[in-house]
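Below is one structure, written out as structure tokens, with a few remarks after it.
Where a number appears in this text, it was derived from the coordinates with a stated rule and is not lab data. Computed from a predicted model, the values in this text were never measured in an experiment. Because the Cβ atoms are built from the backbone with ideal geometry, glycine has one as well, and the counts that use them run over all protein chains shown.
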Amino acid sequence: MENIESIAKAMVKKGKGILAADESSGTMAKRLDAVKVPSTEQNRLNFRETLFTSQKIKDFISGVILYDETIKQTASNGKNIAKLLSDQGVIPGIKVDKGTKSLPLSNDEKITEGLDGLKERLVDYYKLGARFTKWRAVYNISKVYPSKMSIVANAHALARYAAIAQDTNMVPIVEPEVLMDGSHDINKCYDVTAAVLQECFNQLVIHKINLKGIVLKPNMILNGTESGKKNDTKEVAEKTYNCIKENVSHDVPGIAFLSGGQSEVEATENLNSINKINTTNFSFTFSYGRALQQSALKTWAKNIADKKTVQTVFDLRSEMNSLATLGKWKVDLEKKAA
Ligand code: 13P
């Protein structure tokens, strides 16, 4: 039977991961602008439907996070998008936060909004076929940030959201994202991420969340993009693995990382390195947006009508990441495919 614990387990099943195709229309406009395609409702659907009908999506993708617009759209075969996915054994999910606003009384920090009316929206999304949800909080690192206020306020909102999701029989993806931007080093990223995760779990417990029925979507532990330091995959894997092991309840079935601006191959390699050292019961997988879609989007923009080529590119990225969930990816496989 369908319950949140079994859905959460299925989302992080070994060999599979999540496609984050839940870019808001604003973010999608930026992505399409970059490849010089007009961001119309039809084009957004066309690209997404191309991915959702790829030959191998059912083999490597456990679930897809949709955006409000997409879950209400109809595919060219007449099915609604959630049904198109679930008919292939891919679980439909939905982004339910309403984006970030400035955090009052703290310059340059963000708070995620969307709790008002959330219960009613989730009931509607459930009827449309969604079985899991996503809410993203963001934290920036600088000499003074993130503040205690941002850490507590965002964790509180994440926990309130998670409670409403579980109360609607949907799995909450809890996404506290510590951004890569900044001149900080990898150790600072570790410390900040540890503090953020600790407060998230503190709030999740206060809000009576069933931790076996969530999926955590954290950042990996990396040097800041303006630090001038290169990331070594072994170091990234050890620090990320330790940070999760030390600060996340072991009741959580799986950790599905965001890619956060890493290149496609970097995101795959780091996930692979983490799985090579994993001796915990956590399933470490992916919930990538850019790192699954970037090459596919560029290919699509060259010839929107050539769905087959776009799907081959997307299936290859999914397959590489599937191998990374098993610690069986090798760089040679990328070269061979190229
Ligand atoms: P990226 O993998 O591109 O970071 O996107 C994942 C996501 O869902 C961000 O909220």
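Observations on the structure shown:
- Listed from fewest to most Cβ neighbours within 10 Å, the set Lys302, Lys72 follows the order Lys302, Lys72.
- Calculated diffusion of the range 289-338, Stokes-Einstein form, Kirkwood radius summed over Cα pairs, 37 °C and 0.692 mPa s, µm²/s: 287 µm²/s
- For Ile94, the residues whose amide H sits under 5 Å from its own are Leu66, Phe132, Thr133, Lys134, ignoring neighbours fewer than 5 places away on the same chain, with H placed 1.01 Å from N.
- What you get for the range 154-310, charging only the Cβ of Lys and Arg (+1) and of Asp and Glu (-1), is a dipole of about 460 debye around the Cα centre.
- Dipole size of the chain about its Cα centre, with +1 on Lys/Arg Cβ and -1 on Asp/Glu Cβ: approximately 700 debye, rounded to the nearest 20.
- Whole-Hz couplings from phi, Karplus 6.51/-1.76/1.60, listed for the range 230-242; x for Gly and Pro: 7, 8, 9, 4, 5, 5, 4, 5, 4, 5, 5, 4, 5
- Total formal charge among the other residues, if their Cβ is under 12 angstrom from that of Asp181, Lys/Arg +1 and Asp/Glu -1: -3
- Each 20 Å bin from zero up to the one holding the largest Cα-Cα distance in the chain carries the following percent of pairs: 33, 62, 6.
- Dividing the summed -39500 (n - 2.57) terms of all DSSP H runs of n ≥ 4 by the residue count of the chain sets its mean residue ellipticity at 222 nm at -15000 deg cm²/dmol.
- Centroid-to-centroid, using Cα positions, the range 99-159 and the range 39-57 are 27 Å apart.
- Of Ala337, Leu204, Trp135, farthest towards positive along the dipole that unit charges on Lys, Arg, Asp, Glu beta carbons give the chain: Ala337
- Relative contact order of the range 135-292, taken over Cα pairs closer than 8 Å and 6 or more residues apart, is 22 percent.
- Cross-link pairs beyond the 20 Å C-alpha cut-off, checked among Lys58/Lys119; Lys212/Lys328; Lys72/Lys119; Lys9/Lys58; Lys14/Lys307; Lys14/Lys95: Lys58/Lys119; Lys212/Lys328; Lys14/Lys307; Lys14/Lys95
- Relative contact order (%) - criterion: Cα under 8 Å, at least six apart; region: the chain: 19 percent
- Remark: Leu103, Leu158 ranked as Leu103, Leu158, counting other beta-carbon atoms within 10 Å and listing the fewest first.
- Rg and Dmax over the alpha-carbon atoms of the range 1-106 stand at 15.4, 50 Å.
- Net charge of Cβ neighbours under 13 Å - reference Thr279; Lys, Arg +1; Asp, Glu -1: +1
- Within the shell defined by Cβ-Cβ distances under 15 Å, the residues around Ile111 carry a net charge of -2, with Lys and Arg each +1 and Asp and Glu each -1.
- In terms of surrounding Cβ atoms within a 10 Å radius of their Cβ, Tyr126, Tyr190, Tyr288 rank from fewest to most as Tyr126, Tyr190, Tyr288.
- Extension gain (nm, one decimal) between Asp232 and Ile304, 0.36 nm per residue minus Cα-Cα: 22.2 nm
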